Structures are given as C-alpha cells and as structure tokens.
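Read through the structure below, which is laid out as structure tokens, and then see the notes.
The values are calculated or read from the model by the stated rules, or taken from the named source; none is laboratory data. Since this is a predicted model, take the numbers as computed values, not measurements. Here the Cβ positions follow ideal geometry from the backbone for every residue, glycine too, while neighbour counts run over all protein chains shown.
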Amino acid sequence: MKVRYEGATEFVATDKEPKPIKVIVECPEGLTAGTDVRVSISTFHSYTRVWTLDGIEVENGNGRFVLGHGLPHTWHQMTRGGVGPAGGGLIGRPVGEVYLCTIQITQSLSPGAHLVFAFRAAASPHADVEGSLLVKVRAPGVESFEPVGEPMPLHNAPGDPVRLEVRWAAAPDAHGKHRAVVFATDELLNPVLGYRGTITLKADEAVEGLPKEIKMGTDGRGVIDGIQVTNQGPVRVEVRDAARDLEARSAPIRLPVPDDLKHYFGAIHFHTRLSVDGDRDPRRAYAYVRDYLNLDVVAMTDHAPVGFLWEECIAVNEEFYEPGYFVTIPAWESSTAYGHANLYLRSPHLDAGPWYWDPDICPSEITWPQDVVMVPHHTNAGQIFAPGEHREMMDKGIYWAKYNWAIPNKRARLVEIVQGRGNFEADALDEQWGIRMGGQGASVQDALAQGWRLGFVAGSDNHAGYPTQRDGQYVGITCFRADALTREAIWQAMDRRRTYATSGVPIVCDFWVNGVASGGEAILVDREGVNFTARLYGTAPIEIVQIISNGHCVWQDQPNRWDIEYDELELPVPAGEWAYYYLRLRQADGHRAWLSPVWLDREYN
C-alpha cells in the first residue's frame, strides 16, 4: 500500500480559514472485507475543532466501506480509549494522538483502487505546535493497527507582528543587576521568531546600563543584561519600534529593601506533550518561559506522566535548573473525578510521583509526604454527581465534580485562585473580578470559611506548551517571596504561603496585617486593633483596591494610579475567634492580583 497527500502543509496560527487536505491510500492489491483503515494526527492541538471531514470515496476501482467514526468534537472523543478523567487517557491509547476517522471495508476493494479522505484543516492558535497526518491499517482478525506509508508533517508558523513586549525581571541578580528581553508577538501572543528591527528604549527613572536602542537577534529577541536601578522608587522602561508603530511599557522594578524578601515570578501550571491532551516539547516550553517571558520559576504539571514520561519530566527539570538564574520545580497533576490538584516536590528524588495518581478518589484522600505542596485548582468547576457515578458520567461528557473540601489534608498549603478558566475566589458570579463559574459551594472563600489556611497561586492550565497563555491572553502567573532564587527557597515560599497570584502580568505587591506579611498567622490579643500596610506597583493604573475578610469587603479605595502605598490603615477587628484578611486589586486594563491572606486568632486575657 502507498499513501499520498495533496493540499496544505504550511499553516499560520492567526489564519482561521480552513485549507483542503487529501489523504490518498493506494491499494495495488486491493483490500479484504473486514479491514479497518484509520487516519489520525500525531499531536493533540495540531487538530482543531474547526476541521471538517468533507468526504471519503473509492476511486480507480470498486468496493464499499462504512464510517466507524468521524472527527471528534468532545474531549472524551479526542482522548478515545482512555478511562479518564484527564490523565486517564494515558491508559489505552497513544499519548497525544487524535483519531480523525476510521472506516471498515465491507466489500473488498478491487486491485488498484484508491481510498480518498478529504479534510478541511484550520491551524492551531499556537505556533510551534506541529503534527503529522498518519494512516494505519488493521487486517481482519488482527488486534492492532499498523502504520502505512510515510506521515505528512503539518507546520504551523506565527502570524505578523502586531504587539511589542518588554519583559523585565523584577528581582536583581547576585550583582544587583537586572535583565530585560524585548520581542514581538502576533495577535495570539506567538513570538515572531523572524522579527527584525531597531528598538528604542527609555526609562522613566534613573537606571544605568540601559542602551538607547537595540537590534533584534536571529531569534527575534533583543536581550539587555546588566541594567542597574539607581532610584528607590519603581522604574519602568518604554520600548518602541517606530517603523511599525509598536510600543510597550515594562512591569515595575525597584531597588530591593534591605533584608526583605525578593519578588520572583513564575509559570507553574501548564501541560506539554507529556500529558495525554497536551502538546509541545517540554524543553521548548521551558525555553519560552526563560528566554522570552523572562520569568524566574517554571513547573510543568502534566497529567500523571508515568514511567518514562516522568523520567523525562525530571530530566528536563534538572537540565534547565540554574540556581540564581532559573528555578525549575518537579511537579505533576493528579486529575480525578473528585477534584484536581497539582503536586510540587521539594526534590526530584522524592517518593511522591505520578504513581500515586488514582482517578477514583480526591487528591486530599492521599497522605502526601511532608516535602510535597498540594495545590487544588478550578475548585468550583465541574458538574454534580454522586460518589461512585463518575465512570457512568464520563460517557455523557461529564469528567469531574467540584473539589471536595470536606477531606482535610495537611499538605494543601496553597490554592490556585485564578487560571485560564477564570477566578475561583467566591461562589457568586462576578464579571468584574472574573468569577465565571460558581454556585457549588467549593470556592476558595468556601474553603477558607471551613478553616483551610491556604495561600494563593495562579496558573494558565494551558495544554499546548505555552505557559501563561489562554485564548490569546496572558493569564495566571505566581509571585514567590523568597530570599534567593533557588529550588529550596522557592519551595519554602510555597510551603510557607509566601506567594500571591496575578491574572497574567507581574504586578509587584507587598501586604502586611499588624506587621505580619502576606501568608502568615498572628495572635490578636484582647482589645488590640487591626491595621494593614501595602505597597502596590502596577503594570497599568490601579483602579480599585479591596481588603476581604471572612468573605466580605471590609475596606476599599479607588486610587487610579500606577503606584500606591498604604501605611497602617485601620481595619475592623474580628467578630469571632479568628479572621483572615487578604488584599485584591484590579487595574484599568482588567488585570488583577490576589495576595495571600493573613490569619489573626483571638486571644482573650
């Protein structure tokens, strides 16, 4: 048998117009009745739901066939063969492969006949997510499919540059210097590797080592090392490509306060090809975080990457780990019918890997080692079903229920308050704060009300190997407050709840209640008051700042400024035995931040 292809092989991520592709299977000796023929694609996101199957025909001969299944539309169909939910697709099918259609020959094909499969294909919105069309055949009475012919690679490139980015590390290196990266993206945030041009730079405060202009390198980036801030206040850099009329402004940086913890930003919830429904090589994903986004910390959280996949996960983390420059955290996701959680390991040698995954129980039911931080996410999402019904529900396209907060777990130190699906802060829907799923009583505030003491992190849950992206927007980065950029220091920040979440941009924040830093706990003696201090430096004007305590807004301000500092402002004292206080803010561009709570416990004389 021989396989030929006709039609498009080159795609552009921003082009949504489907292009014709034909897969032609030539059968010189014909095909026996009962033979199955399958066309599939090798990576999950190289197939998009915009594809159509225009038809299947027999040409140059005779024969008949029936269509067993056509293009998949639901996640369950795309992960056909798995037991789910999510990570369960690892069982029973190739990782990443999507079955586009399968036919069975019902009347033998005559010698020389051709099977012609006609598709119309649309590109993935993510460049550098590439796949190959595959043809496989299963003979009558044989259990497995065997590949036929050579696969056809489909390439996906970024679109035209329409946006300029300048990414500035918030914390200085050991020499007190900062690094900035400038690059351009298309409208869907894909870096344009072929971008060339001259960029001018200007700081709004005093800095040393900042050139007036730079030229893009061969990978479409401009990198400036050795920048030193000489002004105590926040500094931002403006960059401009005059030839294309593109400009951008950096996030704020400032001189670190002596003996204070530094701000390190990271992407700690996304998926690669090590997940059943993920794509992109993990090394490319890590390089994107380090070389373009210029973040400090990264952790891929693939769905239960067992066996050699876990070995590769650990190998990539060790390969990219550079203490003092770029920190990688070994991690994985336990996706179950009764809640999803990410597990972050203190060491790659820890006995806490994906062999603990069990799709039939909540992650909180497992006794995790002390050196694991468990982080539940999208806690108020999912559907409602009774315990034990999840496998029946999966056949109906229902994959998981809300997180089960009724099960205590000591290693749940953090919760992902915001990600690509939205904000899971409260049960009531609130478009201003991005709460788009609720009504199930499993929000972050519901957990806090039950006595869980959880700091806040953010993630994207991107499944195409593009951390901090979702639907063409930047989403979900986490700030770690640590004294050094090492794996141990970052893990300790997570364990001690010294973190905060933003909706996708590096807003620089500090927050204290009665002198206790965000994430901490303190005793409130009888008749003692409550006050807070905050330092907030935005990536856009900050429209509103609120303090939330025990589910209610107890203080707010509408500053409409880029930078705000509050000193020892009074807050209501707890009405009961304890209270939590956390700060949230929203900028004029819609981006938000949520700082981990401080808990005060009443003590009576």
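Do we have P140 as closer than 30 Å to F480 by Cβ and either touching a residue at least 40 places away in the same chain (Cβ under 8 Å) or of a type in the set (F, W, Y) (or both) here? No: the conditions fail for P140. Per the conditions (1) in contact with a Ser or Thr (Cβ under 9 Å, 6 or more places away or on another chain); (2) among the aliphatic types (A, V, I, L, M); (3) modelled with pLDDT of 95 or more, the sole criterion not satisfied by A464 is (3).
Against the list (1) touching a Leu at 6+ places or on another chain (Cβ under 9 Å); (2) at pLDDT 95 or above; (3) in the same structural domain as W491 (by TED's automatic domain parsing), the condition I268 fails is (1). Restricting segment 87-119 to residues that are at pLDDT below 90 and small (G, A, S), the residue that is nearest to the chain's Cα centre (by Cα) is G87. Residue check: is A412 at pLDDT 95 or above, closer than 26 Å to D277 by Cβ, not assigned by TED's automatic domain parsing to the domain that holds H591 and not β-branched (V, I, T)? Criteria met by A412.
Limited to segment 314-346, what total is found for residues that are out of contact with any strand residue (DSSP E or B) (no Cβ under 7 Å at 6 or more places or on another chain) and either modelled with pLDDT of 95 or more or part of a loop (DSSP other than H, G, I, E, B) (or both)?
So the answer is 13.
The set of residues in segment 525-561 being in contact with a Lys or Arg (Cβ under 8 Å, 6 or more places away or on another chain) and assigned to a loop (DSSP other than H, G, I, E, B) consists of D526 alone.
In this structure, L345 does satisfy being out of contact with any Gly (no Cβ under 6 Å at 6 or more places or on another chain) and either crowded, with 24+ Cβ neighbours inside 10 Å or in contact (Cβ under 8 Å) with a residue 40 or more places away in the chain (or both). Here segment 356-378 is the region considered, the condition is being modelled with pLDDT of 95 or more and among the β-branched types (V, I, T), and the residue that is surrounded by the fewest Cβ atoms within 10 Å (Cβ to Cβ) is T367.
Residues checked against (1) modelled with pLDDT of 95 or more; (2) more than 23 Å from M300 (Cα to Cα); (3) of a type outside the set (G, A, S); (4) not in a loop (DSSP other than H, G, I, E, B):
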{"residue": "N404", "(1), (2), (3), (4)": "no, yes, yes, no"}
{"residue": "E416", "(1), (2), (3), (4)": "yes, no, yes, yes"}
{"residue": "G439", "(1), (2), (3), (4)": "no, yes, no, no"}
{"residue": "D446", "(1), (2), (3), (4)": "yes, yes, yes, yes"}
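Applying the set (1) part of a strand (DSSP E or B); (2) more than 32 Å from the chain's Cα centre (by Cα); (3) not aliphatic (A, V, I, L, M) to D510 leaves exactly one unmet item: (2).
Residue check: is G382 over 30 Å from A522 (Cα atoms) and free of Cβ contacts under 8 Å to residues at least 60 places away in the same chain? Taking the combined requirement at face value, the residue satisfies it.
Within segment 282-301, residues that are in a helix (DSSP H, G or I) reach partners that are among the aliphatic types (A, V, I, L, M) and crowded, with 24+ Cβ neighbours inside 10 Å with beta carbons closer than 6 Å, at six or more positions or on different chains, in the pairs P282/M300; Y286/V298; V289/A267; V289/L295; V289/V298. All told, R80 falls short of being surrounded by fewer than 19 Cβ atoms within 10 Å (Cβ to Cβ), in contact with a Ser or Thr (Cβ under 9 Å, 6 or more places away or on another chain), at pLDDT below 90 and within 22 Å of D279 (Cβ to Cβ). For the structure I just gave you, tell me whether N190 is outside the structural domain of N294 (by TED's automatic domain parsing), among the polar types (S, T, N, Q) and in contact with an Asp or Glu (Cβ under 6 Å, 6 or more places away or on another chain). No.
Just so you know, in segment 347-369 the residues that are aromatic (F, W, Y) and assigned to a loop (DSSP other than H, G, I, E, B) include one that is farthest from W405 (Cα to Cα), and it is W357. Tell me which residues, restricted to segment 150-189, are in a loop (DSSP other than H, G, I, E, B), touching a residue at least 60 places away in the same chain (Cβ under 8 Å) and of a type in the set (G, A, S). Within segment 150-189, G159, A169, A170, A171, A174 meet the criteria. Return the residues of segment 1-52 that are under 30 Å from P111 (Cα atoms) and acidic (D, E); say none if nothing qualifies. Of everything in segment 1-52, those that are under 30 Å from P111 (Cα atoms) and acidic (D, E) turn out to be E6, E26, E29, D36.
Listed here are the residues, each with its yes/no results for (1) crowded, with 17+ Cβ neighbours inside 10 Å; (2) in contact (Cβ under 8 Å) with a residue 60 or more places away in the chain; (3) within 17 Å of E97 (Cα to Cα); (4) assigned by TED's automatic domain parsing to the domain that holds V135.
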{"site": "A13", "(1), (2), (3), (4)": "yes, yes, no, yes"}
{"site": "K22", "(1), (2), (3), (4)": "no, yes, no, yes"}
{"site": "C27", "(1), (2), (3), (4)": "yes, yes, no, yes"}
{"site": "R38", "(1), (2), (3), (4)": "yes, yes, yes, yes"}
{"site": "S42", "(1), (2), (3), (4)": "yes, yes, yes, yes"}
{"site": "H45", "(1), (2), (3), (4)": "yes, yes, yes, yes"}
{"site": "L53", "(1), (2), (3), (4)": "no, yes, no, yes"}
{"site": "N62", "(1), (2), (3), (4)": "no, no, no, yes"}
{"site": "F65", "(1), (2), (3), (4)": "yes, no, no, yes"}
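Scanning segment 1-53 for residues that are closer than 29 Å to V142 by Cα and among the charged types (D, E, K, R) gives K2, R4, K22, E26, E29, D36, R38.
Of everything in segment 527-586 that is within 18 Å of Y500 (Cβ to Cβ) and among the small types (G, A, S), the residue that is surrounded by the fewest Cβ atoms within 10 Å (Cβ to Cβ) is A540.
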